[in-house]
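Encoded as structure tokens, the structure appears first; notes follow it.
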Amino acid sequence: MSATEQRPRVTVPRVVEMKARGEKVVMVTAYDTPTARLADEAGVDLILVGDSLAMVALGYESTLPVTMEEMLHHTRAVARGARRALVVGDLPFLSYQASADDAILNAGRMLKEGGARAVKLEGGEAVAPLVHRMVSSGIPVVGHVGLMPQSVHQMGGFRVQGKTAEAARQVLRDAVALQDAGAFAVVLEAVPAPLAEAITARLSIPTIGIGAGAGCDGQVQVVTDLLGLSERLPRHARPFLDLSRLIREAFEAYAAEVRAGSFPGPENATTMSDEELRKALADERDGTD
Ligand code: KIV
């Protein structure tokens, strides 16, 4: 029996309860159905359709170019693969910043059209009123503070946040504001481990860290980093598999067999009766169908 069959579907209250029970929350990104299915079967609790999609699957330099339509497209694919895990759709740049009405509509689309069960958005105190509106509309929200890749240009690059007392205080205020607004979990990205630990102790909702040390209530990783598919690995990541090597070897083996004429073999092809073939070729010579 697989991990999925043994356990009930992960719900929002269940994620919050995990913190109280001292159970670690496991989250990973996915962008397609087979990856989501495998993560789900492995017992991952939350699958994030992150806007990291832009960088790790679509070849962009930052997360900024990915659109709401692209995020919905990939969220639908992931939702089709996840039976137990809670699917979280990331709200892309400019899908919630321009107006509160846009924000609610786009967050709602993630659930209604994307099949997600929650959304994630970047920002702290500044987005707390939006988070409150979303939650009041029945849309569960995961917050995201610390390094916020959608603000990469404002931050001057993908840098660790909260290293000075003032900056750390702001990250803490942001996390608390999200909790007060009704977020059910908050991602802490690229903040010093002691700060993440202090925020985790301060909040009653789970913190989910990435580059924030082991003191968070859970961890999230970008799937391509985890599987060894990334060209450049961030310091906080560890590949649990060298999938690049395995995939390259498979392509090389395939190419070699095609060139040698040993693939496809008889077992990969379909046959037909000699008589039908003879008839088809004779009919073609006669010009009849
Ligand atoms: O887009 C993403 O994958 C994320 C995670 C890094 C948390 O936001």
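Some observations on this one:
- Phi angles of the range 256-265 translate, via the Karplus equation with coefficients 6.51, -1.76, 1.60 and θ = phi - 60°, into HN-Hα couplings of 5, 6, 4, 5, 7, x, 8, 10, x, x Hz per residue; Gly and Pro are given as x.
- Summarising the amide proton neighbourhood of L48: residues at separation of 5 or more, or on other chains, whose placed amide H is nearer than 5 Å comprise V28, T29, A30, V88.
- For the chain, relative contact order (Cα pairs under 8 Å, six or more residues apart, normalised by length) works out to 15 percent.
- At most 15 other Cβ within 10 Å, DSSP loop - GluC sites (Glu not before Pro), the range 54-105: E61
- Computed from the alpha carbon positions, the gyration tensor of the range 141-193 leads to an equivalent ellipsoid with semi-axes of 19, 13, 9 Å, biggest first.
- Per residue, the solvent-accessible area of the range 140-223 (1.4 Å probe, heavy atoms of protein chains only, all protein chains present) comes to 38 Å².
- From phi via Karplus (6.51, -1.76, 1.60), per-residue ³J(HN,Hα) for the range 60-70 in Hz, x at Gly/Pro: 7, 7, 9, 7, 4, x, 5, 9, 4, 5, 5
- Compactness index (Cα Rg / 2.2 N^0.38 Å), the chain: 1.24
- For the range 182-281, average projected area of the Cα convex hull in nm²: 12.6
- Share of carbon and sulfur in the accessible heavy-atom surface of the chain [1.4 Å probe, %]: 55
- For the range 75-88, Karplus couplings with θ = phi - 60° (6.51, -1.76, 1.60), whole Hz, Gly/Pro x: 5, 4, 4, 5, 4, 5, x, 9, 9, 9, 5, 8, 8, 10
- Calculated FRET value between R80 and E275, using beta carbons and R₀ = 35 Å, to 0.05: 0.20
- Summary value for the range 159-289: 13 percent relative contact order, contacts being C-alpha pairs under 8 angstrom separated by 6+ residues.
- Two numbers describe the Cα atoms of the range 245-286: Rg and Dmax, which are 17.1, 54 Å.
The values are calculated or read from the model by the stated rules, or taken from the named source; none is laboratory data. Quick caveat, the model's predicted, so the values are computed rather than measured. Every residue, glycine as well, gets a Cβ built from its backbone with ideal geometry; the counts of neighbours run over all protein chains shown. Please note that ligands, DNA and RNA were not included when accessible areas were found on the heavy atoms of the full protein model with its side chains. Shrake-Rupley method; radii C 1.70, N 1.55, O 1.52, S 1.80 Å.
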